[in-house]
Protein chains: 2
Amino acid sequence: MQNPVTVEVTRGKLVESRHRGMGIVVDGDGKTVFAFGDVESGVFLRSACKAMQALPLVESGAADAYGFADRQLALACASHSGEDEHVALAASMLERAGRDASALECGAHWSSDQTTLIHQARTRDRPTALHNNCSGKHSGFVCTCAHVGYEVEGYVGYDHPLQADIRATMESLTGAALGHDNCGIDGCSIPSYAIPLRGLAHGFAKMVTGQGLEPIRAKASRRLMEACMAEPFYVAGTKRACTKLMQVAPGKIFAKTGAEGVFVAALPEQGLAMAVKCEDGTTRAAEAMIFALIARHFDKASETHQTLMAMANKSMRNWNGIHVGDIRVTDALFA
Amino acid sequence: MQNPVTVEVTRGKLVESRHRGMGIVVDGDGKTVFAFGDVESGVFLRSACKAMQALPLVESGAADAYGFADRQLALACASHSGEDEHVALAASMLERAGRDASALECGAHWSSDQTTLIHQARTRDRPTALHNNCSGKHSGFVCTCAHVGYEVEGYVGYDHPLQADIRATMESLTGAALGHDNCGIDGCSIPSYAIPLRGLAHGFAKMVTGQGLEPIRAKASRRLMEACMAEPFYVAGTKRACTKLMQVAPGKIFAKTGAEGVFVAALPEQGLAMAVKCEDGTTRAAEAMIFALIARHFDKASETHQTLMAMANKSMRNWNGIHVGDIRVTDALFA
C-alpha cells in the first residue's frame, strides 16, 4: 500500500520536500473513525507508548507507596529535554525507593534541545543517566521493581519480569502479539515492539475511555493520562510539541511523541485516540500530522481548532528572520 | 513519477523507516550514465551548488588579488561546522579585503555539530555571523564585490549585480533557466533556485571535465574543486560527510552537501558527476545515497569501494553502545 504525501515543506512558491505518512483515529470499541495509509503493518512504537509502559508502576501500588503525584507520573511517561527540573525530579523519584542514578540502565546523552544543551554545556562536564530523555520512565521502572520485589539490576532485559509484565499489559491493550519476531532494542535499551498503528490507537482509546478494561487498569490509565495533562512540562519540556499540545486545551488533549516519526494522542471528551507515523521517520512531519488530526476533532470555529491548525501549518524563517517557506499538511489528512 | 525507496532504516529484524529519493550520474557531455526517480523536476540546490557560486570569486581575479590559496577557496565553497579554524579563516579573508564580520549578511547561528556547539557554548556568549555555516561563502562574496567595485551592502539581494553574475554562471553551467518563478530564499538569505537534478549533475560534470566551458571557467572550476579536495576540513569539518568523503580517496572525489537532502559529487578521473535528493529532505538518506552512488564507480575489490559501502550501510548504536539497527541502501541504487 502506498502511503499518501501528508506534509509538504515549501520554499518560495515551490514544494521543496515531501513526507508520506499513515494514521488512524479510533473509538473505545476500536471502530475506525478516520484512516489514511497503511495502518495494518508493524510500526515500532518507541516512546509513543510510554504511558502504557508506566501502567505497572501504578497498578502494582508502587506509585502510591512512594507518594508519587501528577508530576512524578507525568515524568514516568515522558521523553523530557533534560532540563534541570526533569533531572531533579527523576533523582528524587529514585531516592524515594532508596536508589540513585547508578540504578538507571538507560545510558547518558546531552539534551537534544539546543537551549538546554547550551545550559548543560555551561554547567557540567558531561550528562548523566538522569539527563537521558527516558530517565523518568526508567526511574519508574526502578521504583516498580523495588516495590514489587523484582531484582532491579537487568530491568531493561527482554526476559526480566518487569518487561514481561509490560509486554502482557501492552498485548492486552493493543490486541497485538509481542515477541522476539517484532521486537527491537530502543535507544534507552528496553525492548520496543512493532505493531500496527490500529492497535496502538485502539490501546490508547481503551485507556482514555476505560472501555473493555478491568477496573484497576481503567483507573490506572485515567490517572496516568490525567497526570500528563496536568503537568505537560514534565512530559517533554520548554517549547516541545507534547507540552505545547497539552497546553492548548488543558485536560482535553493527551499527546505523546516517539522517535522515528510516531505520535499518539487521545481526546477524553470525544472518547477517541489516534496514532500517526511518518514513513521516513521525520519529527517535523509527525508533529504536523498529529496537530492537524487533533484539530479535525474540535469545532472549526473554536480557538482550539485554530491554534492547532496554526501549529500544523508552520511558517519557517531563516537566520535573518526572513520568511522562506512553510511546513503544511495536505488534503490527505482532511479526506 | 514515483521515486523509489532508496534507503531503509532497520531496528531488530524489521524496517522502521523508509526514504525515497532520486539521483543521476552524467558525463561531461550530459549523457546519462545511471538514473533513478524523477530527475527532471525542480529541486532546490541549496548549498550543494556553492562551488558554482564561488566561480565569480576566482574568475573576477579577486581570489588572486587577495592571495587566496586552497584553504580560503575551500572555505568559500563550504558549509562548515563553525569550528575555531573555520571562523578564524573567514575573518582573515574579510580582513584581506579591508572588511570585517559586520559586512556579512548571512545571519548568525550556533553550530549544528554537537561537539562544536558544546565548545562554542563554553567559550562565548553567542555566535556571530562568522560562525554561520555559510560564512566562508559570504566572505568570498564580500571579497568579490570589493575587488570588482560592486557595492558590498545588499550583496545577498536577487537584484544585486553579484547575484546576477552568479545566476548567469549557474544558467550557463546547468542549462536551466533561473528566475523569480523557481527562486526561493536560502537559510543565509541569498537566492536559491530549483532546477532538475539532471542540470545540477551536468553542471558539475562540466566543471570537473572542463567540457563545453570557456578556458577561464574551466580553469576556475578545476581550481575550486582541487582546493576542496586538498582541504576537505575547510569544506565541512570534523566527522562531517563531505570532509570524510574527500578523505577516502584524496583528489579522486569532490563532494558537497546541501540542506533538505541534496548531495553532489564529481569524480575527476572518471569525468563523471552525480546529484541526489532525498524526497523528504533527510540528511542521513542523502548521505547514504551519495556514498553508494560514488562507490558504484570504483572497482568492487578496491579499498575505496569498500570504505564507501561501509559508510553507506551504517550500523546504529544506542546510548549504551548496543547495536539496535542499520541504515542501508536498497537495490534501487544498484539497478
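The values are calculated or read from the model by the stated rules, or taken from the named source; none is laboratory data. This one's a predicted model, so the numbers in the text were calculated from it and none came from an experiment. Every residue, glycine as well, gets a Cβ built from its backbone with ideal geometry; the counts of neighbours run over all protein chains shown. All accessible areas refer to the heavy atoms of the entire protein, side chains included, with ligands and DNA or RNA removed. Shrake-Rupley method; radii C 1.70, N 1.55, O 1.52, S 1.80 Å.
Overview of results
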{"read-out": "Qualifying residue in region B:186-194 (condition: at pLDDT 95 or above, away from chain A (no Cβ under 14 Å) and open to solvent by less than 60 Å² (accessible area, probe 1.4 Å))", "value": "no"}
{"read-out": "Qualifying residue in region A:294-303 (condition: closer than 17 Å to A:Phe204 by Cα, without any contact (Cβ under 8 Å) to a residue 60 or more places away in the chain and either open to solvent by less than 10 Å² (accessible area, probe 1.4 Å) or within 14 Å of chain B (Cβ to nearest Cβ) (or both))", "value": "yes"}
{"read-out": "Within region A:149-185, considering residues that are within 20 Å of A:Val276 (Cα to Cα) and open to solvent by less than 10 Å² (accessible area, probe 1.4 Å), the one farthest from the other protein chains (Cβ to nearest Cβ)", "value": "A:Leu173"}
{"read-out": "Every residue from region A:87-119 that is open to solvent by 20 Å² or more (accessible area, probe 1.4 Å), at the interface with chain B (Cβ under 7 Å from one of its Cβ atoms) and closer than 30 Å to A:Tyr158 by Cβ", "value": "A:Ala108, A:Trp110"}
{"read-out": "Residues of region A:120-130 classified as within 11 Å of chain B (Cβ to nearest Cβ), touching a helix residue (DSSP H, G or I) at 6+ places or on another chain (Cβ under 8 Å) and open to solvent by 10 Å² or more (accessible area, probe 1.4 Å), total", "value": "3"}
{"read-out": "Helices (runs of 4 or more DSSP H) wholly inside region B:76-175 that include at least 1 residues being in contact with a strand residue (DSSP E or B) (Cβ under 8 Å, 6 or more places away or on another chain) and within 18 Å of B:Pro191 (Cβ to Cβ)", "value": "B:161-174"}
{"read-out": "Region A:304-325 - residue that is open to solvent by less than 10 Å² (accessible area, probe 1.4 Å) and either within 27 Å of A:Leu267 (Cα to Cα) or part of a helix (DSSP H, G or I) (or both) and, of those, nearest to the other protein chains (Cβ to nearest Cβ)", "value": "A:Ala312"}
{"read-out": "Any hit, region B:113-128, residues being in contact with an Asp or Glu (Cβ under 9 Å, 6 or more places away or on another chain) and of a type in the set (Gly, Ala, Ser)", "value": "no"}
{"read-out": "Tally, over region A:250-273, of residues that are open to solvent by 10 Å² or more (accessible area, probe 1.4 Å), part of a loop (DSSP other than H, G, I, E, B) and either under 15 Å from A:Leu45 (Cα atoms) or of a type in the set (Phe, Trp, Tyr) (or both)", "value": "2"}
{"read-out": "Residue list for region A:42-75, filter: closer than 26 Å to A:Ile24 by Cβ and part of a helix (DSSP H, G or I)", "value": "A:Arg46, A:Ser47, A:Ala48, A:Cys49, A:Lys50, A:Ala51, A:Met52, A:Gln53, A:Leu55, A:Ala74"}
{"read-out": "All positions within region A:230-249 that are over 20 Å from A:Met207 (Cα atoms), aliphatic (A, V, I, L, M) and not in a helix (DSSP H, G or I)", "value": "A:Ala236"}
{"read-out": "Tally of residues being basic (Lys, Arg) and either closer than 30 Å to A:Val43 by Cβ or crowded, with 24+ Cβ neighbours inside 10 Å (or both) across region B:18-77", "value": "4"}
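Per-residue answers, yes or no, for (1) farther than 29 Å from A:Ala295 by Cβ; (2) free of Cβ contacts under 8 Å to residues at least 40 places away in the same chain; (3) charged (D, E, K, R):
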{"residue": "A:Ala168", "(1), (2), (3)": "yes, yes, no"}
{"residue": "A:Gly179", "(1), (2), (3)": "yes, yes, no"}
{"residue": "A:Ala218", "(1), (2), (3)": "no, yes, no"}
{"residue": "A:Met229", "(1), (2), (3)": "no, yes, no"}
{"residue": "A:Val235", "(1), (2), (3)": "no, no, no"}
{"residue": "A:Thr257", "(1), (2), (3)": "no, no, no"}
